[in-house]
Amino acid sequence: MQQVETGKIKPIVDHLFRYESGKLLSVLTRIFGIHNLELAEDVVQDTLIKAMENWKINGVPDNPSGWLFTTARNKALDVIRRERHHKDFAAEISPLLKSEYSAGETLREFIHENEVEDEQLRMMFVCCHPSIAEEGQIALILKTLCGFSIAEIAKAFITNDETIGKRLYRARQQFREEHIAFVIPSAEELPLRLSNVLVAVYLLFNEGYNSTHHDSLIRDDLVEEALRLGKMLADHPVTGRPETLALLALMCFQAARLYGRVDQEGNLLSIRDQDRKRWNSELIEQGAGYLRNASQGNVVSAYHLEAAIAYEHCIAIDFTTTDWNKIIQLYDWLYTLKPDPLIALNRLIAFGEVHGPMAALNESSHLPDQEALKKYYLYPAALGEWCARAGKYDQAKVHFTTSLQLTQSPAEKRLLERKIENLPPVKSC
């Protein structure tokens, strides 16, 4: 047992919840059946509560993950004994669970800390069943596999807790009503279901890479969990498809720059000002390998092009040697594949590096869907940057101030405040 101060127990449990809850829930759902998802969630929650209480007194065990699995197995057995005459469990093993003689041995066979990857894959695809609305699918993955709270999911979707709660409730109702099987989908169903899984993993990564509601810009636990899920998908023979490999490459390239994005005081830095010696060359190399493998064959997804753009930034020796013309071309292809106003904005930012701030300002009026862009902090931030570089300091201040009001990220707010403070004073006539 490792003795830990009482005040430090909760962060350890929170950390383990993020890493282990998805594993526990996947295994328990395999046993209870997806129609009993809430029952499995209750067992996981009770397990974490018991860990909190026990470890405060006895210290953190040498193998906390094993402790959690053993405790979850014991609690699951209690639930099965209590509910076996009232509930049906997973069809293929329900008879074994309803027998006192075989229940304990069945749980020992299924609930252990090793070899849970297939159960997690099944859980991912169950969450992305086509009968579940797309927003419900992603919310389920973030809640069940990634340990997100309802509040965190609401932040990721820019909505409120009540809306997410309703999405999760409706999804659980459909599990019960439609008798959805706990299986990896057929080859015909796989592409659509995998697409939603990848979206959820990327949402998780982005919340860790650029936290919207934490004082700290970077949340290592979320980035590491997204990379873990991405690698699990990439390594599996069924899901290791080109788009999966491309997303994993993209996340590796982005994660490689993680700590170059902040200075010693934790302040956000633009890519122009980052110390590239702090970028992780090993992750860049891994990402390049995944991108090469993703490029075998004829499939080109948005993830391929986003990864290629990120790769161009990673291989540039410094900001001035970035191949902006190639990045513009990649953005042109990406926009053709995925016509999104944010992609058009990012393409214009690259265009401004080649042709200058005034050219970018002139082109900004031609951006598509400007009403949507006006709600996103990066648009006025880009306008402010171009105005500042063009010597239009009064206009730059207006745009930076607008951007400041649109972001909820403390780190982004501090960066914009510094930009406003660093603007030269406007000379009066």
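The values are calculated or read from the model by the stated rules, or taken from the named source; none is laboratory data. Because the structure is a prediction, the values reported are computed rather than measured. Quick reminder, even Gly has a Cβ in these numbers, built from the backbone with ideal geometry, and neighbours come from all protein chains shown.
What to note about this one:
- Cross-chain or 6+ apart pairs with Cβ under 7 Å, the stretch 1-29 first and surrounded by fewer than 21 Cβ atoms within 10 Å (Cβ to Cβ), then at pLDDT below 65 and hydrophobic (A, V, I, L, M, F, W, C): ILE12/VAL4
- Evaluation of ASN346 against (1) among the polar types (S, T, N, Q); (2) within 23 Å of the chain's Cα centre (by Cα); (3) not in a helix (DSSP H, G or I) (one fails), failing number: (3)
- Test result for GLU134, of a type in the set (Asp, Glu), touching a residue at least 40 places away in the same chain (Cβ under 8 Å) and either surrounded by 20 or more Cβ atoms within 10 Å (Cβ to Cβ) or over 20 Å from LEU229 (Cβ atoms) (or both): no
- Any helices (runs of 4 or more DSSP H) falling wholly within the stretch 82-145 and containing at least 2 residues that are more than 19 Å from the chain's Cα centre (by Cα): 94-97, 100-110, 117-127
- Residue in the stretch 224-232 that is modelled with pLDDT of 90 or more, more than 29 Å from LYS413 (Cα to Cα), touching a Gly at 6+ places or on another chain (Cβ under 6 Å) and surrounded by 15 or more Cβ atoms within 10 Å (Cβ to Cβ) present: no
- Test result for LEU250, crowded, with 21+ Cβ neighbours inside 10 Å and either farther than 25 Å from VAL299 by Cβ or under 11 Å from the mean Cα position of the chain (by Cα) (or both): no
- Filtered residues of the stretch 142-175 (kept if β-branched (Val, Ile, Thr) and either touching a Lys or Arg at 6+ places or on another chain (Cβ under 6 Å) or without any contact (Cβ under 8 Å) to a residue 60 or more places away in the chain (or both)): ILE150, ILE153, ILE158, THR159, THR163, ILE164
- Those residues of the stretch 161-182 which are surrounded by 13 or more Cβ atoms within 10 Å (Cβ to Cβ) and in a loop (DSSP other than H, G, I, E, B), in sequence order: ILE180, ALA181, PHE182
- Test for ALA382: is it at pLDDT 95 or above, over 23 Å from the mean Cα position of the chain (by Cα), within 23 Å of GLN254 (Cβ to Cβ) and assigned to a helix (DSSP H, G or I): yes
- Hits in the stretch 200-216 (condition: under 8 Å from the mean Cα position of the chain (by Cα) and either at pLDDT 85 or above or not in a helix (DSSP H, G or I) (or both)): VAL201, TYR202, PHE205, ASN206
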